[in-house]
Amino acid sequence: MGLADTFQAIIDSLPEDWTDLELDLRIADESRYVDASVYLTTCNARPYSRHDWHWRLLVAHQFGHAAAAPAVHAALRLLDEAGIEGEIAVREVRSGRVEVTQMWGRPQSVRDEFARLRAQ
């Protein structure tokens, strides 16, 4: 199973209200590190220094300061097409969070309804 297929299986296993996901990525052949870095710039992967894993991938579902799931999937598919093998580990999944928006002057009932609708 390739990296993109593994990532898709992870996404499919998450609950509907997941908001963000943290993954670690390790490639099998470290001599291809620079090649992999080029592909991973599209999803803003954060490199580790002096660690067993090579990159941390932050993935957002609908909002937040992370890469969108389709962008991460596309980057991992590029790695698969380039023949760069590796492994993915899920580090943290957050769910049930709601984006923060300016609601000054709105009654609490509007804020509660917004949170209820966005959490679905």
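The values are calculated or read from the model by the stated rules, or taken from the named source; none is laboratory data. Please read these numbers as outputs of a predicted model, since none were measured by experiment. When we count neighbours, we look across all protein chains shown, and the Cβ atoms used for this are built from the backbone with ideal geometry, even at glycine.
Checked against the criterion of being at pLDDT below 90, in contact with a helix residue (DSSP H, G or I) (Cβ under 8 Å, 6 or more places away or on another chain) and over 15 Å from Val93 (Cβ atoms), the candidates Ala75, Ala36, Ala45 yield just one match: Ala45.
When the stretch 1-42 is filtered for residues that are free of Cβ contacts under 8 Å to residues at least 40 places away in the same chain and among the polar types (S, T, N, Q), the ones remaining, listed by number, are Ser13, Ser31, Ser37, Thr41, Thr42. Within the stretch 1-10, identify whether any single residue is outside any helix (DSSP H, G or I), more than 15 Å from the chain's Cα centre (by Cα) and at pLDDT 90 or above, and answer yes or no. Looking for residues that are outside any helix (DSSP H, G or I), more than 15 Å from the chain's Cα centre (by Cα) and at pLDDT 90 or above, one finds at least one in the stretch 1-10, hence yes. If I filter the stretch 54-76 for residues that are over 11 Å from the mean Cα position of the chain (by Cα) and among the charged types (D, E, K, R), do I get at least one hit? No - not one qualifying residue is present in the stretch 54-76. When Gly105 is tested against the conditions (1) in contact with a helix residue (DSSP H, G or I) (Cβ under 6 Å, 6 or more places away or on another chain); (2) over 28 Å from Gly2 (Cβ atoms); (3) small (Gly, Ala, Ser), the lone failure is (1). Taking the condition surrounded by fewer than 17 Cβ atoms within 10 Å (Cβ to Cβ), of a type in the set (Val, Ile, Thr) and modelled with pLDDT under 90, does Val110 pass? So Val110 passes the test. When restricted to residues that are part of a strand (DSSP E or B) and either surrounded by 14 or more Cβ atoms within 10 Å (Cβ to Cβ) or of a type outside the set (D, E, K, R) (or both), the stretch 56-93 contains 12.
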